[in-house]
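Below is one structure, written out as structure tokens; the observations come after it.
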Amino acid sequence: MAERGPLLGATLELDVGTVAHGGSCVARHEGRAVFVRHALPGERVRALVTEDRGGGYCFADAVEVLAASPERVEPPCPYAGPGRCGGCDWQHASAPAQRDLKASVVREQFTRLAHLDVSDLLEGVEELPGGLLGWRTRNVYAVDRGGHPGLRRHRSHEIEPIDRCLIGAEHVGNAAALGDTWAGLSGIEVARGTEEDTTLLAHRPGPGRQSRGRRPPDRVRVVTGPSTLHHRALGRDFEVEAGGFWQVHPAAADAFARALLDTVQPEPGETAVDLYCGAGALTAALAVAVGASGSVVGIESSVRAVADATANLADLPQASVRLERVTPTVLAALDVAPDVVVLDPPRAGAGREVMTALLALHPRTVGYVACDPAALARDVATAVTSGWRLSALRAFDAFPMTHHVECVARLDPA
Ligand SMILES: C[S@@+](CC[C@H](N)C(=O)[O-])C[C@H]1O[C@@H](n2cnc3c(N)ncnc32)[C@H](O)[C@@H]1O
């Protein structure tokens, strides 16, 4: 529910400026910043203020375009638009414009959060094969009080009922379950592997209530389909728990692993550590690169992911996976001296303490796979403070139509 502020509900005529992280563009009104969704840089729009907390900024939706950008296109999805589904941010932008917007965001995050100009390192955001639609191999649909599935509106608990999600892959975006009602559930999740194996999972509200912070995570269980999905990347097969982590774009695991190998260049016989290793996609790539005379240690906190990774890496005896949380203490006690450290943390990034601890292992290089350029920029800033430098940076459009962008970075001792 939006909080009350002086502009809430007002319609403003705005000149839209640069893109902001999160899928909006920045305009100014009477000295305040207005983050405008459904707009593009350079446009003049009429915008409805949807959220105003009375501070230095507010949020608005462009409800009418008075002067359109040449990059504006008709959104292919009927549920995209002001006040509608919050899943996509850039349905109204051409494909090259989407990638340019994301490149601007990555550069701006580094400038603002790491005080680094990455223009010379970042050539642009690279396209993955498959186009803008039909790529998501996992969707979580929210379920309303009546049991109808849909997708959440932007910054809202309200649900937009949908009968199809156009960015969802076959059997995910058009899942038969969207036509059913799911009383008592908080959501349904549809996930598929490289083949057409598809699993439907039910989300129920988590046990108990927390006194503060976010509500507890959903309890998730398989309704139909295999409990393990089959994925193929880097010419290898991976079996992964249906509800477990795997990159949602079908070409992403392959692209990120190749970019990582290209940048950290593991040598035969070297020792690597793969932090937040999940089901072992990057661990396997590193293990093949260092060969039988090298070694790779993966660290992962999910019991099921560790079991999947251990099975997925069974033919690579130089790779092992440990069930542990990545913490400064665990890193300080590590019984290996890595030549290469790789990390692929959750969205919040590694954080200052973990970054400091992993750099204290004195690897010759660090490879960082990041799904949030802001978190990456903060962690890179920590590394720079510790005497390291950002020596390579690539970005991939692994989430077309949305504001999300994946980066692969390399850090070296300065
Ligand atoms: C972005 S995924 C990366 C998975 C893997 N690198 C891949 O490419 O498939 C992040 C992983 O970190 C794990 N994780 C989250 N917090 C962690 C922590 N504090 N310590 C260890 N693993 C953690 C999650 O379970 C998840 O598997």
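Bear in mind these aren't lab numbers, they're just calculated from the coordinates by the rules spelled out. What you see is a predicted model; the values in this text were computed from it and never measured. Here the Cβ is made from the backbone with ideal geometry for all residues, glycine too, and neighbour counts use every protein chain on show.
Collect residues whose amide H, placed 1.01 Å from N in the peptide plane, falls under 5 Å from the amide H of Thr402; neighbours closer than 5 in sequence don't count.
The list, which skips near neighbours in sequence, is Asp89, Trp90.
If you average over every viewing direction, what projected area does the convex hull of the Cα atoms of the stretch 138-226 give, in nm²?
The Cα convex hull of the stretch 138-226, projected and averaged over all directions, gives 6.3 nm².
Got a sec? How would Arg325, Arg394 order by Cβ neighbour count within 10 Å, fewest to most?
Listed from fewest to most nearby Cβ atoms, that is Arg325, Arg394.
So what's Rg/Rh here for the stretch 11-72, counting alpha carbon atoms and using the Kirkwood radius for Rh?
Ratio value, two decimals: 0.93.
Hey, what's the Cα Rg ratio for the stretch 72-144 versus the globular rule of thumb, 2.2 N^0.38 Å?
That works out to 1.36 for the stretch 72-144.
Would you mind giving the average projected area, over all directions, of the Cα convex hull of the stretch 245-316 in nm² with one decimal?
4.5 nm²
For the chain, compute Rg over Rh where Rg is the Cα radius of gyration and Rh is the Kirkwood radius from the inverse mean 1/r over Cα pairs.
With Rh from the inverse mean 1/r over Cα pairs, Rg/Rh is 0.97.
What net charge do the residues around Arg44 carry, taking every other residue with its C-beta under 11 Å from that of Arg44, with Lys and Arg at +1 and Asp and Glu at -1?
-3
With label points built 7 Å along Cα→Cβ from the Cα atoms of Ser156 and Asp15, find their separation and express it in nm.
In this crude spin-label approximation the distance works out to 3.1 nm.
Among Ile167, Ile159, what is the fewest-to-most ranking by other Cβ atoms within 10 Å?
Fewest-to-most ranking of Ile167, Ile159: Ile159, Ile167.
Could you list Val342, Val36, Val16 so that the one with the fewest beta carbons within 10 Å of its beta carbon is first and the one with the most is last?
Val16, Val36, Val342
If one takes the longest principal axis of the Cα atoms in the chain, at what angle in degrees, from 0 to 90 and to the nearest 10, does the Cα axis of helix 373-385 lie?
Orientation of helix 373-385: about 50 degrees from the principal axis.
Using a basic spin-label model with each label point 7 Å from the Cα along Cα→Cβ, how many nm lie between Asp315 and His362?
Roughly 3.8 nm, to one decimal.
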